[in-house]
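To start, the structure itself, in structure tokens.
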């Protein structure tokens, strides 16, 4: 009971690994292919880009939330996997560059950005104080300043603690996280209004921000689980991150599956029951044609399947089961964002385009390329964290 | 403690110094094949379930059964009210209204599941129990403070007073006593 747990694994992601370069290569190829597509069909390019951009930015936002939650609650369960989230959030600063195509495509994506359309539309006139181009761009800059600053600080201080072993830094991180979590909650709410809700500017849902958070946070746990599996597949941290830590990630995954279902259904039920044409139209478009197949598969693959499978204690211990459910949820997460954005551009049904894939691979390659690029520069685990011993010697609660 | 032969023996109670010793003795006792015995400590000890070779609790199945009763009960109730017995047109929505039924189905499932969890736990623990013979041993009060105890009950088919005492003593008990009903 009194012996101090030690880490026997190497804590350095191999500097000569080909992984970052391969991912950057994939990203560059995807982005170039999509850029070619832009000249054929600009509307499709921007719409596909927005879907993929939201998908990966959502992972970054959720990672930032996880790091700050961890500091505020002085948690010990996830110290071993915290550095992964810290690197995701530290990259938010650079990730802002990938917002530029969304701003360039503002006229293709957002109906409210056309002044003649606003002139002819009473509803859009009422919303023009918020939905106008200069304010929109200003808000985007503000979001990425907030996220970039928080991500940068949280990562930098944590890495500093690796070197100095100064436990006072945890107090500093906690003090940063408390207002940070408030700022993040507000900024992600407005970001979701801007990116996804205002694609259909007549529609509104007051709980869209929490809905966006719920989908991103549910999809974040599969990313963490698969990342841990990937690292261990490379022979890294095999003895350090144990079954019990993976079990915890599975438990979070389960919890936020339930949270997602609660939030997504609440939004639907309130709109369905009130039956106000202005609000129901959004769901009406998404429940007709082939769009309804995505809507129903959300119920099955995003809630029922992961809920019933992950409820089982043994399932959270089986790597193959966790990996499978993680992939299912990530696919359906992409489908959900697609289902939120695309019906505006193709009302009659799913119209899949190759640019949906190339933008996804392009941005995905860049997102994870940036991740590994930063990840290999520092230790993979915050080695001097005061809670690390707690985390290492963790055992199951019966 | 004077042994009183007119009373029936309930069991042998042994005290140990710390959680580690308690886990070690639990491992020893579980090897011998006794069924009616238990350990007592001021707080939960990780690994005790394994040391005592306890089976997985059946509580999950009780909760599941209650949850299903809540779920099916809710759906049946609403079907009877809104479709079979007294269909009412509410802003043109269908009588069999899936989304609108979800909250009540959810609430009843949760309510009955929690009843199942609480009362199932009572049932499995044999509660409410107004008196336990172990309370006859004044020393046993320490179990809520700083005492770590093992009790092997006389009702066990393998029970033999001297053998049990020897077993517990060899495991390093600081105090052993006979507890009477």
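The table below gives the values:
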read-out	value
Within segment B:76-102, tally of residues that are in a helix (DSSP H, G or I), away from chain A (no Cβ under 11 Å) and either surrounded by 15 or more Cβ atoms within 10 Å (Cβ to Cβ) or touching a helix residue (DSSP H, G or I) at 6+ places or on another chain (Cβ under 6 Å) (or both)	2
All helices (runs of 4 or more DSSP H) inside segment A:49-168 with 3 or more residues being free of Cβ contacts under 8 Å to residues at least 40 places away in the same chain, surrounded by 15 or more Cβ atoms within 10 Å (Cβ to Cβ) and in contact with a helix residue (DSSP H, G or I) (Cβ under 7 Å, 6 or more places away or on another chain)	A:133-164
Residue under evaluation residue A:238, criteria (1) in contact with a helix residue (DSSP H, G or I) (Cβ under 6 Å, 6 or more places away or on another chain); (2) surrounded by fewer than 17 Cβ atoms within 10 Å (Cβ to Cβ); (3) within 22 Å of residue A:281 (Cα to Cα), criterion not met	(3)
From B:19, B:42, B:94, residue being modelled with pLDDT of 85 or more and either more than 24 Å from residue A:272 (Cβ to Cβ) or touching a strand residue (DSSP E or B) at 6+ places or on another chain (Cβ under 6 Å) (or both)	B:42
Which numbered condition residue B:142 fails, given (1) more than 30 Å from residue B:8 (Cβ to Cβ); (2) within 22 Å of the chain's Cα centre (by Cα); (3) modelled with pLDDT under 90	(1)
Residue count, segment B:66-75 (criterion: touching a residue at least 40 places away in the same chain (Cβ under 8 Å) and either away from chain A (no Cβ under 14 Å) or loosely packed, with under 14 Cβ neighbours inside 10 Å (or both))	3
Segment A:245-270 residues that are within 12 Å of another protein chain (Cβ to nearest Cβ), paired with ones that are in a helix (DSSP H, G or I) and buried (at least 20 other Cβ atoms within 10 Å of the Cβ) (beta carbon under 6 Å, 6 or more apart)	A:261/A:303; A:267/A:211
Condition met for residue B:19 (within 14 Å of chain A (Cβ to nearest Cβ) and within 30 Å of residue A:267 (Cα to Cα))	no
Candidate set from segment B:22-43 (those that are within 14 Å of chain A (Cβ to nearest Cβ) and free of Cβ contacts under 8 Å to residues at least 40 places away in the same chain); member that is surrounded by the fewest Cβ atoms within 10 Å (Cβ to Cβ)	B:43
Set A:295, A:315: member being touching a helix residue (DSSP H, G or I) at 6+ places or on another chain (Cβ under 7 Å), surrounded by fewer than 20 Cβ atoms within 10 Å (Cβ to Cβ), within 14 Å of chain B (Cβ to nearest Cβ) and not in a helix (DSSP H, G or I)	A:315
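One line per residue, one yes/no per condition, for (1) in a loop (DSSP other than H, G, I, E, B); (2) on the phi < 0 side of the Ramachandran plot; (3) within 14 Å of another protein chain (Cβ to nearest Cβ):
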| site | (1), (2), (3) |
| --- | --- |
| A:363 | no, yes, no |
| A:372 | no, yes, no |
| A:382 | yes, yes, no |
| A:385 | yes, yes, no |
| A:390 | no, yes, yes |
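Residues checked against (1) in a helix (DSSP H, G or I); (2) in contact with a strand residue (DSSP E or B) (Cβ under 7 Å, 6 or more places away or on another chain); (3) modelled with pLDDT under 85; (4) exposed (fewer than 13 other Cβ atoms within 10 Å of the Cβ):
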position	(1), (2), (3), (4)
B:104	yes, no, no, no
B:108	yes, no, no, no
B:117	yes, no, no, no
B:128	no, no, no, yes
B:152	no, yes, yes, no
B:165	yes, yes, yes, no
B:168	yes, yes, yes, no
B:173	no, yes, yes, no
B:176	no, yes, yes, no
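The values are calculated or read from the model by the stated rules, or taken from the named source; none is laboratory data. Because the structure is a prediction, the values reported are computed rather than measured. Here Cβ is always computed from backbone atoms with ideal geometry, including for glycine, and neighbour counts include all displayed protein chains.
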